[in-house]
Amino acid sequence: MGEEVKLIGSIQSLFSFRIEWALKLKGVEYEYIKEDVRNKSPLIFKYNPVHKKVPVLVHGGKPLPESLVILEYIDETWKDCPLLPEDPYERAMARFWAKYCDEKIWQAYMAEGEEKEKAMGPALESLAFLEKEIKGKKFFGGEKIGFLDLAVGWIPHWLNVLEEVGSMKLLDAEKFPSLHEWAENFIQIPPVKECIPPREELVSYFHSALIYLRSLSANKP
Amino acid sequence: MGEEVKLFRTWSSSFALRIVWALKIKGIEYETVFEDLSNKSPLLLQYNPVHKKVPILVHNGKPIAESFVILEYIDETWKQAPLLLEDPYERAKARFWAKFGDDKVLTSVWNVFIKQGKEQEEALVAATENLKFLEEEMKGKKFFGGERIGYVDLALGFLANLISIFEEIIGLKIVDEEKFPSLYSWMQDFAEAPIIRDNWPPRDKMIVKFQALLDATIASSSSSSK
């Protein structure tokens, strides 16, 4: 296409990684601009004035935030290695579960005490669905990685960080054997393996992020 | 076509209305199944076991939940009167604004309605900030979709009527014509568009419903000590 592609992302943002994986899978050349979410640059305010967050994809100068929106854009713009299936019903299912997993597992990580007990239910439910979906398949997309693989692709490396920091156990290898196997396979594929951040860095970041996020909700009237 | 399309909804759900409007805009025949959320039918629980909510679209026996997921499915399955434009960047922007509508605008407008005192003041500040973004996006356009109603119009459409209902009940202006001229004008145009106007729940019934919700919230917060 010849137009410049930039990805403004951060090692602290598990949502950024989805976009890197998608671009790498499709063989799209891009420039990675590193942000520190604790010390945001003017670029973020310029390209994502609404949410002031990463990731933001900038294609030919036009900015696009919101990782799942970006994934769909990437799929529609670069047709190699399609992420979403062809069939509208299958597409609907992929979108539904991507959204659900994002919301529920995050809520479980954020929650404390009684709230956490409540939040664990939907989080485990989303893992149970994924377990059912992945049985007999190598990836959610079939033989190849698809939209849902990228959407929940943070699970292999990040979930146990969130589990440790959030004091919860979700992905039990005995309860979710197929999902566990998928996670092991996913981590090994080259675009993913290339950009996995060090675990200690993630633990330290999410630990301080959790304290900060919980203090925000505690201070709400 | 021999296809069976059913829509599970309630009489007032704004999310379900998006689907009604989309089906009507595309001229798709469908059957409505009204649900009482205080007494959910076995079919609803079967079709949406995850959220147990409406709307649910069932197409030839296959259920889909989540209104934005349903809208995209409808657009991909029935190609007439497209809701999303062809261009990937325009489509991405539409998805972005629809999500913003639900995540930020709806939440902040709801808080202006349901909260009191200082909390309401703070909610109004947040709502105004969010509405400013929409105002900017709306400038120079009749609808968010351009000349025709599109995806974002359907996503935000609840604003067109619900806001005036909230304003009437609480006696507070949320979308001021002077502050938000483009948004205000969109609200009028959208509410008056034939398909929308003919498929909006009765205003008096809506006022009764939301007044009751507000009364119940005030009653429960004054009876509980924090």
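Remarks
- Per-region count, the stretch B:52-82, residues part of a loop (DSSP other than H, G, I, E, B), more than 9 Å from every other protein chain (Cβ to nearest Cβ) and under 15 Å from the mean Cα position of the chain (by Cα): 3
- On inspection, B:Lys115 fails the criterion of being charged (D, E, K, R), surrounded by 15 or more Cβ atoms within 10 Å (Cβ to Cβ), within 14 Å of another protein chain (Cβ to nearest Cβ) and touching a strand residue (DSSP E or B) at 6+ places or on another chain (Cβ under 9 Å).
- Residue in the stretch B:24-40 that is at pLDDT 95 or above and either touching a Cys at 6+ places or on another chain (Cβ under 8 Å) or surrounded by 18 or more Cβ atoms within 10 Å (Cβ to Cβ) (or both) present: yes
- The residues listed here are A:Glu20, A:Glu66, A:Glu31; of these, the one that is without any contact (Cβ under 8 Å) to a residue 40 or more places away in the chain and at negative phi is A:Glu31.
Residue-wise test of (1) surrounded by 14 or more Cβ atoms within 10 Å (Cβ to Cβ); (2) closer than 19 Å to A:Leu23 by Cα; (3) touching a residue at least 12 places away in the same chain (Cβ under 8 Å).
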position	(1), (2), (3)
A:Asp149	yes, yes, yes
A:Glu164	yes, no, yes
A:Lys169	no, no, no
A:Leu179	yes, no, yes
A:Gln188	no, yes, no
A:Glu200	no, no, no
A:Phe206	yes, no, yes
A:Arg214	no, no, yes
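- Matching residues in the stretch A:184-221 - criterion: being of a type in the set (A, V, I, L, M, F, W, C), assigned to a helix (DSSP H, G or I) and out of contact with any Leu (no Cβ under 7 Å at 6 or more places or on another chain): A:Phe186, A:Ile187, A:Val192, A:Leu202, A:Val203, A:Ala209, A:Leu210, A:Ile211, A:Leu213, A:Leu216, A:Ala218
- Of the residues making up the stretch A:172-183, just one is closer than 17 Å to A:Ile196 by Cβ and in contact with a His (Cβ under 9 Å, 6 or more places away or on another chain), namely A:Ala183.
The values are calculated or read from the model by the stated rules, or taken from the named source; none is laboratory data. Quantities reported herein were computed from a predicted structural model and do not represent experimental measurements. As a convention, Cβ positions derive from the backbone with ideal geometry for all residues, glycine included, and neighbour counts pool all protein chains shown.
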